[in-house]
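Structure first, commentary second.
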Amino acid sequence: RSKRRGRGQITVYSQEIAQEMKRATQLEQALRNAIIADEVDVHFQPIVNLKTEMVAGFEALARWCDPDLGYVSPAVFVPLAEERGFIDALSETLLRKAAETALQWPKELFLSFNLSSAQLMDPSTSANVLAIINRVGLDPRRLELEITETAVMTDADVAQKIVTELRAAGVRISLDDFGTGQSSLGRLRDFAFDKVKVDRAFVSRIVADRASEHIVKAIIAMCDGLELEVVAEGIENASEASKLQGLGCGMGQGYFYGKPADAVTTLRYLAEKYQEAVPALSRAI
Ligand code: C2E
Ligand code: MG
Ligand code: MG
Ligand code: MG
């Protein structure tokens, strides 16, 4: 009896796995088509100077809504494109679109763009990135690339080479989601970063939890000493914002200052509100 049940279970599992594989393949095909049809979009979320509360730049975030599958998160389709070997095609479209949009902003605003870990293992990434922004005409000094700790750990030598080439061209490098990966403080010393983005996991607990406050305080002090800029991610309300301002955190990003919005909405906002203090942004977008 138990044997039969066991076999039944195996059948159920293998059906689930087959379903899962089928869905991934459907998703892959739909995404490949969307890239060709130019249907993958980019939204922009403001990053603000926490002292002046003015916009300093925007992070580009990939958006894809398939007519049949509905909204698919970039946390799902970016890893899929990496696994199935077409992250370059996806990323090229996204960076081109993001850079074209950034050209229409005031020149002092930067564009921050996420690089995936697979791209940091491919030595041709630096040349590819520079070729794209060159073609579009975006000054490399206006570009920041966000990379994660895991990406840097996987193949440190190749990643180091890519980062060195990009920085030589004037591109700045941010360490994204700091504090959540397999952090090594030594990496902050050995690797040439310009900015550190403190993960939302710390920010969202900074008001209620003393430990999180101490951790963020220590990160800010360490980054000051290392001459790295600090961005707090995922600021959702005024109390988190003022806590971070009190700790001397230089920059912030989150729904409180503005949700990711499409290129047109972002431009309209900049045309109307640029040069004003940002809290209005959360109302505008
Ligand atoms: P990330 O780079 O850490 O981006 C921040 C994520 O937090 C975004 O999710 C953003 O919408 C969300 N977020 C921002 N402020 C808040 C807030 O106040 N509260 C909350 N709850 N969330 C907030 P999103 O857009 O779903 O992107 C998820 C991840 O997908 C990104 O994490 C990034 O790792 C990846 N991703 C997105 N676009 C791209 C891309 O163009 N290329 C690559 N390689 N990865 C991308
Ligand atoms: Mg990011
Ligand atoms: Mg992040
Ligand atoms: Mg994050």
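When N134 is evaluated against the numbered criteria (1) closer than 30 Å to T25 by Cβ; (2) surrounded by fewer than 16 Cβ atoms within 10 Å (Cβ to Cβ); (3) not charged (D, E, K, R), which criterion, by number, is the only one it fails?
Only one criterion is unmet by N134, namely (1).
Can you run down the residue pairs with Cβ atoms below 7 Å, 6 or more apart or on separate chains, where the first is in segment 170-181 and open to solvent by 10 Å² or more (accessible area, probe 1.4 Å) and the partner is among the polar types (S, T, N, Q) and in a strand (DSSP E or B)?
D176/N114; D176/T148; D177/T148; G181/T148
Is at least one residue of segment 214-232 over 22 Å from M153 (Cα atoms), aliphatic (A, V, I, L, M) and assigned to a loop (DSSP other than H, G, I, E, B)?
No, segment 214-232 contains no residue that is over 22 Å from M153 (Cα atoms), aliphatic (A, V, I, L, M) and assigned to a loop (DSSP other than H, G, I, E, B).
Answer yes or no: is there a residue in segment 247-268 that is closer than 18 Å to V152 by Cβ, open to solvent by 30 Å² or more (accessible area, probe 1.4 Å), assigned to a loop (DSSP other than H, G, I, E, B) and among the small types (G, A, S). Walk me through it before giving the result.
Initially, segment 247-268 is screened for residues closer than 18 Å to V152 by Cβ, giving none.
No, segment 247-268 has no match at all.
So which of G234, G250 ends up being within 16 Å of ligand 4 (Cβ to nearest atom) and either aromatic (F, W, Y) or over 21 Å from A118 (Cβ atoms) (or both)? Don't jump to the end; show me each part of the working.
Values: G250 fails: within 16 Å of ligand 4 (Cβ to nearest atom).
Sole residue among the options that is within 16 Å of ligand 4 (Cβ to nearest atom) and either aromatic (F, W, Y) or over 21 Å from A118 (Cβ atoms) (or both): G234.
Consider only pairs whose beta carbons are under 6 Å apart and that are at least six residues apart or on different chains; among these, list those whose first residue lies in segment 190-205 and is more than 9 Å from E233 (Cα to Cα) and open to solvent by 10 Å² or more (accessible area, probe 1.4 Å) and whose second residue is within 11 Å of ligand 3 (Cβ to nearest atom) and not in a loop (DSSP other than H, G, I, E, B).
Going by the 6 Å Cβ cut-off, the qualifying pairs are F193/L175.
Do we have A75 as open to solvent by less than 60 Å² (accessible area, probe 1.4 Å), within 16 Å of ligand 3 (Cβ to nearest atom), at pLDDT 95 or above and closer than 28 Å to A127 by Cα here?
Taking the combined requirement at face value, the residue does not satisfy it.
Only residues that are farther than 18 Å from D176 by Cα, without any contact (Cβ under 8 Å) to a residue 40 or more places away in the chain and within 20 Å of the chain's Cα centre (by Cα): list them for segment 237-263, please.
F256
Residue check: is S124 hydroxyl-bearing (S, T, Y) and touching a residue at least 40 places away in the same chain (Cβ under 8 Å)?
Working: hydroxyl-bearing (S, T, Y): yes; touching a residue at least 40 places away in the same chain (Cβ under 8 Å): no.
So S124 fails the test.
Name the residue that is farthest from G137 (Cα to Cα), counting only residues in segment 47-106 that are within 16 Å of ligand 4 (Cβ to nearest atom) and in a helix (DSSP H, G or I).
V76
For segment 193-214, indicate whether the set of residues that are under 30 Å from L103 (Cβ atoms) and at pLDDT below 95 is non-empty. I'd like the intermediate steps shown before the answer.
Step one: list which residues in segment 193-214 are under 30 Å from L103 (Cβ atoms), which gives 193-198, 200.
If we keep only those that are at pLDDT below 95 too, we end up with 193.
Checked segment 193-214: at least one residue is under 30 Å from L103 (Cβ atoms) and at pLDDT below 95.
For segment 56-67, give me the residue count where each residue is open to solvent by 10 Å² or more (accessible area, probe 1.4 Å) and more than 16 Å from ligand 2 (Cβ to nearest atom).
Final tally of qualifying residues: 3.
Determine, yes or no, whether E53 is open to solvent by 10 Å² or more (accessible area, probe 1.4 Å), among the charged types (D, E, K, R), away from ligand 3 (no atom under 16 Å from the Cβ) and in contact with a Pro (Cβ under 9 Å, 6 or more places away or on another chain). Explain how you work it out, then say what you get.
Details: open to solvent by 10 Å² or more (accessible area, probe 1.4 Å): yes; among the charged types (D, E, K, R): yes; away from ligand 3 (no atom under 16 Å from the Cβ): yes; in contact with a Pro (Cβ under 9 Å, 6 or more places away or on another chain): yes.
Criteria met by E53.
Kindly indicate which of V216, V230 is buried (at least 18 other Cβ atoms within 10 Å of the Cβ) and in contact with a Gly (Cβ under 7 Å, 6 or more places away or on another chain). Let's see the steps before the verdict.
Working: V216 fails: in contact with a Gly (Cβ under 7 Å, 6 or more places away or on another chain).
Only one candidate passes the filter, namely V230.
Being surrounded by 16 or more Cβ atoms within 10 Å (Cβ to Cβ) and in contact with a strand residue (DSSP E or B) (Cβ under 8 Å, 6 or more places away or on another chain): is that true of L115 here? Break it down stepwise before answering.
Working: surrounded by 16 or more Cβ atoms within 10 Å (Cβ to Cβ): yes; in contact with a strand residue (DSSP E or B) (Cβ under 8 Å, 6 or more places away or on another chain): yes.
The answer is yes for L115.
Looking at this structure, is S239 within 16 Å of ligand 1 (Cβ to nearest atom), exposed (fewer than 14 other Cβ atoms within 10 Å of the Cβ) and not β-branched (V, I, T)?
Values: within 16 Å of ligand 1 (Cβ to nearest atom): yes; exposed (fewer than 14 other Cβ atoms within 10 Å of the Cβ): yes; not β-branched (V, I, T): yes.
When the stated conditions are applied, S239 passes them.
The values are calculated or read from the model by the stated rules, or taken from the named source; none is laboratory data. Note that the structure is predicted; figures quoted are calculated from it, not measured. Note: ideal-geometry Cβ built from the backbone for every residue, glycine included; neighbour counts use all protein chains shown. For the accessible areas, the whole protein counts, side chains as well, though only heavy atoms, and no ligand, DNA or RNA atoms are used. Shrake-Rupley method; radii C 1.70, N 1.55, O 1.52, S 1.80 Å.
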